[in-house]
1. Within the group ALA84, ALA111, which residue is aliphatic (A, V, I, L, M), open to solvent by 30 Å² or more (accessible area, probe 1.4 Å) and at negative phi?
2. Which condition number does ARG8 fail, the rest of (1) of a type outside the set (Ser, Thr, Tyr); (2) touching a helix residue (DSSP H, G or I) at 6+ places or on another chain (Cβ under 8 Å); (3) open to solvent by 60 Å² or more (accessible area, probe 1.4 Å) being met?
3. Is it the case, given these coordinates, that SER54 is closer than 16 Å to ALA133 by Cβ, in a helix (DSSP H, G or I) and out of contact with any helix residue (DSSP H, G or I) (no Cβ under 8 Å at 6 or more places or on another chain)?
4. Could you list, in sequence order, all residues of region 115-155 that are within 16 Å of the ligand (Cβ to nearest atom) and free of Cβ contacts under 8 Å to residues at least 24 places away in the same chain?
5. Quick check: is even one residue across region 86-98 in a loop (DSSP other than H, G, I, E, B) and without any contact (Cβ under 8 Å) to a residue 24 or more places away in the chain?
6. Output the number of the condition that PRO161 fails; it satisfies all remaining conditions of (1) within 13 Å of the ligand (Cβ to nearest atom); (2) open to solvent by 10 Å² or more (accessible area, probe 1.4 Å); (3) outside any loop (DSSP other than H, G, I, E, B).
7. Given the options ALA26, ALA33, name the one that is closer than 26 Å to VAL82 by Cβ, within 16 Å of the ligand (Cβ to nearest atom) and surrounded by 11 or more Cβ atoms within 10 Å (Cβ to Cβ).
Amino acid sequence: MNLIDALRSRRSIRRYQPRPIPKDLAASLIDAAQTAPSAGNLSARRYILVSNESMKRILAMAAYSQEHIESAPLLIVICADVAASSIRYGSRGSLYAIQDADAAAMCLLLAAHDAGLGGCWNGAFDDDLVREALALEDGVLPVAILSLGWPAESPARPERPRRAGDVRWID
Ligand SMILES: Cc1cc2nc3c(=O)[nH]c(=O)nc-3n(C[C@H](O)[C@H](O)[C@H](O)COP(=O)(O)O)c2cc1C
């Protein structure tokens, strides 16, 4: 898929066919995520793949009962490894680790789209509940729960809001 076409045609998909995602395809999504840049090339990010039904239910509850999180065949929780980044970057490390995780999340969603999968970036969740459910160590912050599956909807492209001053060019 042409990159610009992929960027334009990707949508947040929240309805999925009840069909699993093969493990090798899931692994290729992680490889794609790891192509993302990261501060100092530290890759201060983690991936937790969840296909277990009871863990999906727990994460959906932690995400304020968002139903598509429970129904997705696969969740990939992307975490910022703040501790790893802070060793080199001190107080700047938490921002860098979050950006490392964000960049990976976007690459992963685009690779999923290219593979014919649908996905949604879910950022609305209770950090502490997710941390507890996944037994995350101190210094590891959950950033996004990506819900993934074979699409069962094709939503229209939403308008993008534009505000005065959103884009400035200092030439
Ligand atoms: C940081 C972030 C957090 C988001 N959190 C949620 C969420 O918790 N639940 C959800 O259904 N969608 C969530 N979304 C998806 C947005 O609603 C979606 O990207 C937006 O409506 C634009 O639609 P599009 O992705 O199809 O272009 C989130 C997206 C981002 C980038």
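The values are calculated or read from the model by the stated rules, or taken from the named source; none is laboratory data. Worth saying up front: this structure is predicted, and the values here are computed from it rather than measured. Cβ placement follows ideal geometry from the backbone for every residue including glycine, while neighbour counts extend to all protein chains displayed. Remember, those area values only see protein heavy atoms, side chains included, never the ligands or the DNA or RNA. Shrake-Rupley method; radii C 1.70, N 1.55, O 1.52, S 1.80 Å.
1. Result of the check over ALA84, ALA111: ALA84.
2. Against the list (1) of a type outside the set (Ser, Thr, Tyr); (2) touching a helix residue (DSSP H, G or I) at 6+ places or on another chain (Cβ under 8 Å); (3) open to solvent by 60 Å² or more (accessible area, probe 1.4 Å), ARG8 comes up short only on (2).
3. The answer is yes for SER54.
4. Passing the criteria: GLY123, ASP127.
5. No, every residue in region 86-98 fails to be in a loop (DSSP other than H, G, I, E, B) and without any contact (Cβ under 8 Å) to a residue 24 or more places away in the chain.
6. (3)
7. ALA33
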